[in-house]
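K.L.:
Structure provided below as structure tokens; questions to follow.
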Amino acid sequence: MSVAVRFNDIRKDFGPVRVLHGVSFELTPGRIHGLLGENGAGKSTLMKILAGYEQPSAGEIVVDGRACAFAGSREAEAAGIVLIHQEFNLAEHLTIAQNIFLGHEKKRGLLVDDAAMRREARALLAQVGLARHPDTRVRELIVAEKQLVEIAKALSRHARLLIMDEPTATLTPAETARLFTLMSKLRADGVTIVYISHKLDEVERITDDVTVMRDGRFVAASATEGLGRQQMANLMVGRELSDMFPDKLDAPPDAGVALRVSGLVVPGWVDDLSFEVRAGEILGFAGLVGAGRSEAFEAIVGLRRRRAGAIEIEGRPVTLRHPRDAMQYGLTYLSEDRKGRGLHMNLSLQDNLTLMTLERYGKPLLDLKAGRRALETAVRDFGIRTGDLSSRARMLSGGNQQKLALAKFLQPDPRVIVLDEPTRGVDIGAKRDIYFLIQRLAASGRAVIVISSELIELIGLAHRVAVMRAGRLVATLDREHLNEEELIAHATGTH
């Protein structure tokens, strides 16, 4: 049975700051609703109120014709309303089965029934398409697999209204297609789904209705059919949004090779990878999750053990045992996990920015004024939006956190920059900003490598795209062959 929801004049204050300003709209039962808006629009806050994680400051939520005020997520779940968080809410040291039933353990008498949980977990994993044993520890999973565990966990609660906050941010096209098949089945079974995403092509493809929020306010609601991506983007940002990607400049034909990798072997992940990227070039890396793209570059910069492989930077053979070695030779790698490996969320913006180059600001004593000037420059040059330069990184929106991470990793002035999923979880306006930043980096003579699961992103940005499958480089496509069909065919082995 579906859940019908109506928001009546919902307001939410965090201290003196109002983040929701009288939001009112309805969710029609048994449909997939796209909820759109830039970071900071209030989407996630509104859904946390619906799912019992936050309380409204004013207004009411009506569920199936009855006003409800959930005291917590357990009450919401009892009413069939389940939220899949954008940030993983998993216990790394527990097994998949233990995570799925955490707080809802099945029991036989007074004892936990591990066999029953394992049995049900196996069926749920098959439903979401995750080929892992239920006894696998979550810490052993890659990012995309953890996302699928979150979805299985939500399904175990027998949701009648399922809220998905950026569920495909870490999924490949094939995994996304599998998720969409599952969503369509749930809709056919009567489940109402709220789908929050910055990927407008996915919203266009899977949703029945679209609701747009901006600056904590309801802006518009419409059937998805007949509402194009450009209209969605314009409603989100409140203005006409010009082309997403900058004009693609030709890479200098006589530019020297900035990075050459030969015969790279990463045990269990990469086999005999060889490639090169020139100064001024943007080289994309495509492939399914598990193809070995991130693992290859983690090994190159010294974050992961490699068994073989030669690395040259600007024609000079180098030995990189640690990211500090890579930085000294002018190579930097920005991980897809910006909160785990990119930024220290509880440190200030200035501390984050200058952390990799402290010697520049600390001889003989820490020069706070120089650090402040560097931050002011980064805020201006990278378009970081913050109301307070002294705030902590966790106070920034996802897009601005990514811009700060970019600014931080560019502080050492690298010649080769590797960006792993640079726009994951980033809103449409910030994505465009980051695309133009990447082009500026290449135009300044730097070599840029972009690892991305968004094929449109690679096609729009890159001069060439290398495609990996099962740890091997299977194709490198130049501009004339950059299209979704060829990239998918090489990535899946159907070319």
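K.L.:
Could you say whether any residue in the range 291-309 is out of contact with any Ser or Thr (no Cβ under 9 Å at 6 or more places or on another chain), in a strand (DSSP E or B) and of a type outside the set (Gly, Ala, Ser)?
P.N.:
So far as the range 291-309 goes, no, none of its residues is out of contact with any Ser or Thr (no Cβ under 9 Å at 6 or more places or on another chain), in a strand (DSSP E or B) and of a type outside the set (Gly, Ala, Ser).
K.L.:
In addition: Out of 15, 65, 34, report the one residue that is in contact (Cβ under 8 Å) with a residue 12 or more places away in the chain, in the same structural domain as residue 162 (by TED's automatic domain parsing) and on the phi > 0 side of the Ramachandran plot.
P.N.:
On inspection, the qualifying residue turns out to be 65.
K.L.:
Here is a further query. State all residues of the range 95-111 that are surrounded by 13 or more Cβ atoms within 10 Å (Cβ to Cβ) and either in contact with a Pro (Cβ under 6 Å, 6 or more places away or on another chain) or not charged (D, E, K, R) (or both); if no residue qualifies, say none.
P.N.:
If the condition is that a residue be surrounded by 13 or more Cβ atoms within 10 Å (Cβ to Cβ) and either in contact with a Pro (Cβ under 6 Å, 6 or more places away or on another chain) or not charged (D, E, K, R) (or both), then 95, 96, 97, 98, 99, 100, 101, 102 are the ones that fit.
K.L.:
In the range 161-184, how many are within 13 Å of the chain's Cα centre (by Cα) and not in a loop (DSSP other than H, G, I, E, B)?
P.N.:
Of the residues in the range 161-184, 1 are within 13 Å of the chain's Cα centre (by Cα) and not in a loop (DSSP other than H, G, I, E, B).
K.L.:
Going by the conditions given, is residue 52 over 29 Å from residue 136 (Cβ atoms), touching a helix residue (DSSP H, G or I) at 6+ places or on another chain (Cβ under 6 Å) and either crowded, with 16+ Cβ neighbours inside 10 Å or not aliphatic (A, V, I, L, M) (or both)?
P.N.:
yes
K.L.:
Please state which of the following conditions residue 426 fails to meet, knowing it meets all the rest: (1) outside any helix (DSSP H, G or I); (2) among the aliphatic types (A, V, I, L, M); (3) modelled with pLDDT of 80 or more.
P.N.:
Checking residue 426 against (1) outside any helix (DSSP H, G or I); (2) among the aliphatic types (A, V, I, L, M); (3) modelled with pLDDT of 80 or more, the one that fails is (3).
K.L.:
If you check residue 281 against the conditions, is it of a type in the set (Asp, Glu), farther than 25 Å from residue 435 by Cβ and at pLDDT 95 or above?
P.N.:
Here the answer is no, as residue 281 does not meet what is asked.
K.L.:
Out of 418, 426, I need the residue that is of a type in the set (Val, Ile, Thr) and either on the phi > 0 side of the Ramachandran plot or under 13 Å from the mean Cα position of the chain (by Cα) (or both). Which one?
P.N.:
Within the list 418, 426, the selection yields 426.
K.L.:
Looking at the structure I just gave you, is residue 280 crowded, with 22+ Cβ neighbours inside 10 Å, out of contact with any Lys or Arg (no Cβ under 6 Å at 6 or more places or on another chain), part of a loop (DSSP other than H, G, I, E, B) and touching a residue at least 12 places away in the same chain (Cβ under 8 Å)?
P.N.:
Spelling it out, residue 280 is indeed crowded, with 22+ Cβ neighbours inside 10 Å, out of contact with any Lys or Arg (no Cβ under 6 Å at 6 or more places or on another chain), part of a loop (DSSP other than H, G, I, E, B) and touching a residue at least 12 places away in the same chain (Cβ under 8 Å).
K.L.:
Going by the conditions given, is residue 252 within 30 Å of residue 13 (Cβ to Cβ), in a loop (DSSP other than H, G, I, E, B) and touching a strand residue (DSSP E or B) at 6+ places or on another chain (Cβ under 8 Å)?
P.N.:
No: the conditions fail for residue 252.
K.L.:
Within the range 359-372, is even one residue among the acidic types (Asp, Glu), out of contact with any His (no Cβ under 6 Å at 6 or more places or on another chain) and at pLDDT 80 or above?
P.N.:
Looking for residues that are among the acidic types (Asp, Glu), out of contact with any His (no Cβ under 6 Å at 6 or more places or on another chain) and at pLDDT 80 or above, one finds none in the range 359-372, hence no.
K.L.:
Right, something else. Taking the conditions exactly as written (closer than 17 Å to residue 345 by Cβ and buried (at least 20 other Cβ atoms within 10 Å of the Cβ)), does residue 410 satisfy them or not?
P.N.:
No.
K.L.:
List the strands (runs of 3 or more DSSP E) inside the range 9-117, counting only whole elements, that have at least 1 residues being more than 22 Å from residue 162 (Cβ to Cβ) and not hydrophobic (A, V, I, L, M, F, W, C).
P.N.:
So the answer is 17-27, 58-63.
K.L.:
Give the residues of the range 453-466 that are crowded, with 23+ Cβ neighbours inside 10 Å and among the small types (Gly, Ala, Ser), sorted by residue number.
P.N.:
Hits for the range 453-466 are 453, 462, 466.
K.L.:
Going by what's in this entry, would residue 89 be described as at pLDDT below 90 and closer than 25 Å to residue 194 by Cα?
P.N.:
yes
The values are calculated or read from the model by the stated rules, or taken from the named source; none is laboratory data. Model, not experiment: these values are computed from the prediction. Here Cβ is always computed from backbone atoms with ideal geometry, including for glycine, and neighbour counts include all displayed protein chains.
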